[in-house]
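Everything on this sheet refers to the single structure shown next.
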Amino acid sequence: MKRYFVAACAAIATVASGSAMAATDNSTTDSALLDAVKGSVSANVAFTTDYRFRGISQTDRDFAIQGGFDYTMNSGFYLGTWASNVDNFNPSPYTGDNGAQAEVDLYGGYDYAINDQWSAGINVLYYYYPGASTAGPNNEIDFWEYTPSVSYTGQSLSATLGVSVSSDYYNESGTSYYPAFDVSTPLTDWLTLAAHVGYQGIEDNDVWGTPDYTDWKIALSTEQFGLNWEVAYIDTDLSDQDCFGGLNTCGATAVGTISKSF
């Protein structure tokens, strides 16, 4: 009897040990998962004299108030949203009103640190224009875009090269691609110089409203009084006639922006 009792105790101890190990493994897995999704929340708000998207005014050369939220996880994944007022996109063809007065961006992605200076990432973004009319001849203007990129960050230079691709661009104008290069360097301990150049290619230029084009930007920025200040020169190579049939929203302009991040 004693021999059977010892054997039973040994079996129970073995099962209990295995259960404890399984529980420990599960606990470790759960802990690693929780650590991966932990992160930080940030917010931003800005006032700009003209909302320019790839060189073209979205507010008919008028001011914009913008802001957003981001959640960045320890794993490198992130989610966010950003919004800005726009100038009555896609109003009703019958009444001339009820167009979109705002752009709302919903996005997520992943950034991978290759080493201390180089990183690579992928961003998925949905452009949403609430209130835009699809009545009559109006096309859908909401669209998805995907942007792989690679970045370099050094002591005296930061740079990013990315290519944004959409299979069904704004206004159902077909496939689009937008390679862009951004670079910045500190001029002093309080002043930064930045430059941007991009090329917008669109499958159906007639539906979109312009030929393929290049845009560029040169900016000076500083942080003073707890705020970020930027003055930028922005332009495209589109003529007035090529700009949506004669609009003046594609030409050169100076843009001032005041922003704050939390």
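The values are calculated or read from the model by the stated rules, or taken from the named source; none is laboratory data. Remember, it's a predicted structure, so these values are computed and weren't measured experimentally. Heads up, the Cβs are rebuilt from the backbone with ideal geometry, glycines too, and the neighbour counts pull from every protein chain shown.
Could you say which residue among 165, 183 is surrounded by 14 or more Cβ atoms within 10 Å (Cβ to Cβ), among the β-branched types (Val, Ile, Thr) and under 21 Å from residue 234 (Cα atoms)?
Only one candidate qualifies: 183.
Residue by residue through the range 197-248, note down the ones that are closer than 25 Å to residue 187 by Cβ and among the aromatic types (Phe, Trp, Tyr).
Listed by number, the residues that qualify are 216, 225, 229, 233.
For the range 204-214, state whether one or more residues are part of a strand (DSSP E or B), exposed (fewer than 15 other Cβ atoms within 10 Å of the Cβ) and not polar (S, T, N, Q).
no
Looking only at residues that are at pLDDT 95 or above and among the aromatic types (Phe, Trp, Tyr) in the range 70-97, which one is farthest from residue 48 (Cα to Cα)?
Among those that are at pLDDT 95 or above and among the aromatic types (Phe, Trp, Tyr), it is 77.
Among (1) part of a strand (DSSP E or B); (2) without any contact (Cβ under 8 Å) to a residue 60 or more places away in the chain, there is one condition residue 200 misses while meeting the rest; what is its number?
If we test residue 200 against (1) part of a strand (DSSP E or B); (2) without any contact (Cβ under 8 Å) to a residue 60 or more places away in the chain, just (2) comes out false.
Which is over 21 Å from residue 176 (Cα atoms) and surrounded by 13 or more Cβ atoms within 10 Å (Cβ to Cβ), of 87, 105?
Sole residue among the options that is over 21 Å from residue 176 (Cα atoms) and surrounded by 13 or more Cβ atoms within 10 Å (Cβ to Cβ): 87.
Just a yes or no: is a residue in the range 54-69 assigned to a strand (DSSP E or B), out of contact with any helix residue (DSSP H, G or I) (no Cβ under 7 Å at 6 or more places or on another chain), among the basic types (Lys, Arg) and modelled with pLDDT of 95 or more?
No; the residues of the range 54-69 include none that is assigned to a strand (DSSP E or B), out of contact with any helix residue (DSSP H, G or I) (no Cβ under 7 Å at 6 or more places or on another chain), among the basic types (Lys, Arg) and modelled with pLDDT of 95 or more.
When only residues in the range 227-262 that are among the aromatic types (Phe, Trp, Tyr) and part of a strand (DSSP E or B) count, which is farthest from residue 64 (Cα to Cα)?
Among those that are among the aromatic types (Phe, Trp, Tyr) and part of a strand (DSSP E or B), it is 233.
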